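Engineer: Structure in structure tokens, see below.
Computed from the coordinates by the stated procedures, all read-outs in this text should not be read as laboratory data. Please read all numbers here as calculations on a predicted model, not as lab measurements. Note: ideal-geometry Cβ built from the backbone for every residue, glycine included; neighbour counts use all protein chains shown.
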Amino acid sequence: MADVTTEGTRPDAAMPSPERLAEAGLRFEVDGPVATLTLNRPERRNALTFTTWHTMAAVGDALPPQVRVVVVRGEGPSFCAGIDLAMFTGQGGGFPDGADPEATDTFIAGLQAGYLWLRRPDIVSIAAVHGHAIGGGFQLALSCDLRVVADDAKFCMKEPALGIVPDLTGTKPLVEIVGVAKALHLCLTTRTVLADEAERLGLAEVLVARDGLDAAVADLTTALLAVDHHTATATKRLLHQAAENTLAQQAAAERHEQRALLRRLSELTP
């Protein structure tokens, strides 16, 4: 799989039409440097289908280049209830049986692509979480750089209770945030984490009352946009490397990023 830290908008990609977005249970709006991706199946608590994930990936491929902040939110009473359980009943089937490893791997990678683009260094992604964030919904929140969480939020990693593992790129950020032991406990007990505990665990950067969620997201967006885009992108690249770099490697990465920024500043100085 390509390194998502270096991928950006594909020049040949077209944004999904409003009709395709609606079919996938999504809305997508752009206001200058801010894009909002809304899960829009409130009657199903924004449960996810294969079409949802594939369309989210297409949105990432065609993201307008002026976008610097992407807000992911859910319409109605919940952020996202995870995979639509109709997918397990034959009403929405299509799961591979695992007999063909290559085909199964390709299938799952196509779903993961719906989340991976949210980590790109040229954007900052914010999950505005309220109500249920279950399974794939929890992993969607974990895929975002920052989480603004309402006090009615309920997180749960439900996949093991269904006989499957969390496979939508959520295990890495979960371990990075809470540690292996706590992540193991959350996943294998499939217990619900309420908003106040989520804040204590580091799963919420901001915790607010439900009626203050939109205002808190707007305030955070304003603060993020106050930083120069090139500087923000370089900083995000550095922070994503830090955990796996040695100190010497990280020091070299800092020098590399700083040289480019200093050169840019000198070119901008009259």
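Engineer: What residue among Leu37, Leu184, Leu142 shows peak mean-square fluctuation when the chain is described by a Gaussian network model with Cα springs under 10 Å?
Structural biologist: In this elastic network of the chain, the residue with the biggest mean-square fluctuation among Leu37, Leu184, Leu142 is Leu184.
Engineer: Would you list Arg27, Arg119, Arg10 from fewest to most Cβ contacts within 10 Å?
Structural biologist: Ranking Arg27, Arg119, Arg10 by Cβ neighbours within 10 Å, fewest first, gives Arg10, Arg27, Arg119.
Engineer: Between Gln258 and Ala226, take the C-beta separation as r, use R0 = 22 Å, and let me know the FRET efficiency to the nearest 0.05.
Structural biologist: Given R0 = 22 Å and the Cβ-Cβ separation, E is 0.60.
Engineer: So, one more: Report, for the chain, the % of DSSP beta bridges that are antiparallel, rounded to 5.
Structural biologist: Bridges in the chain are about 25 percent antiparallel.
Engineer: Below 17 Å, Cα to Cα, which aspartates and glutamates can Lys182 reach? Residues fewer than 8 away in the same chain don't count.
Structural biologist: Glu159, Asp196, Glu197, Glu199
Engineer: Report, in whole Å, the centroid distance computed from the Cα atoms of the range 12-38 and the range 48-124.
Structural biologist: Each part's Cα centre sits 13 Å from the other's.
Engineer: Let me ask something else about it. What would the Debye equation give as log₁₀ I(q)/I(0) for the chain at q = 0.13 Å⁻¹, counting only Cα atoms as equal point scatterers?
Structural biologist: The Debye formula, applied to the Cα set alone, gives -0.89.
Engineer: Give me the compactness ratio for the range 229-268, meaning the Cα radius of gyration over 2.2 N^0.38 Å.
Structural biologist: The value comes to 1.20.
Engineer: Separate question: For a quick check: sort Ser78, Ser125 by the number of other beta carbons within 10 angstrom, fewest at the front.
Structural biologist: Ser125, Ser78
Engineer: GNM, the chain, Cα, under 10 Å: largest mean-square fluctuation among Val30, Val129, Val72?
Structural biologist: The residue that fluctuates most here is Val30.
Engineer: If you don't mind, another one. Would you calculate a helix-derived [θ] at 222 nm for the chain, using -39,500 (n - 2.57) for each DSSP H run of n ≥ 4 and dividing by the full residue count, to the nearest 500?
Structural biologist: Mean residue ellipticity, 222 nm, calculated: -13000 deg cm²/dmol.
Engineer: Given an 8 Å cut-off on Cα distances and at least 6 residues of separation, report the relative contact order of the chain as a percent.
Structural biologist: Normalised by residue count, the contact order of the chain is 15 percent.
Engineer: Let me ask something else. Given a 10 angstrom Cα cut-off, can you work out which residue in Arg210, Arg255, Arg41 is the most mobile in a GNM of the chain?
Structural biologist: Highest fluctuation among the options: Arg255.
Engineer: So, in nm, how far is label Ala109 from label Ala215 when the simple model puts each one 7 Å beyond its Cα toward the Cβ?
Structural biologist: Computed distance between label sites Ala109 and Ala215 equals 4.7 nm.
Engineer: Fewest to most neighbouring Cβ within 10 Å: what's the order for Phe95, Phe155, Phe138, Phe50?
Structural biologist: Phe95, Phe50, Phe155, Phe138
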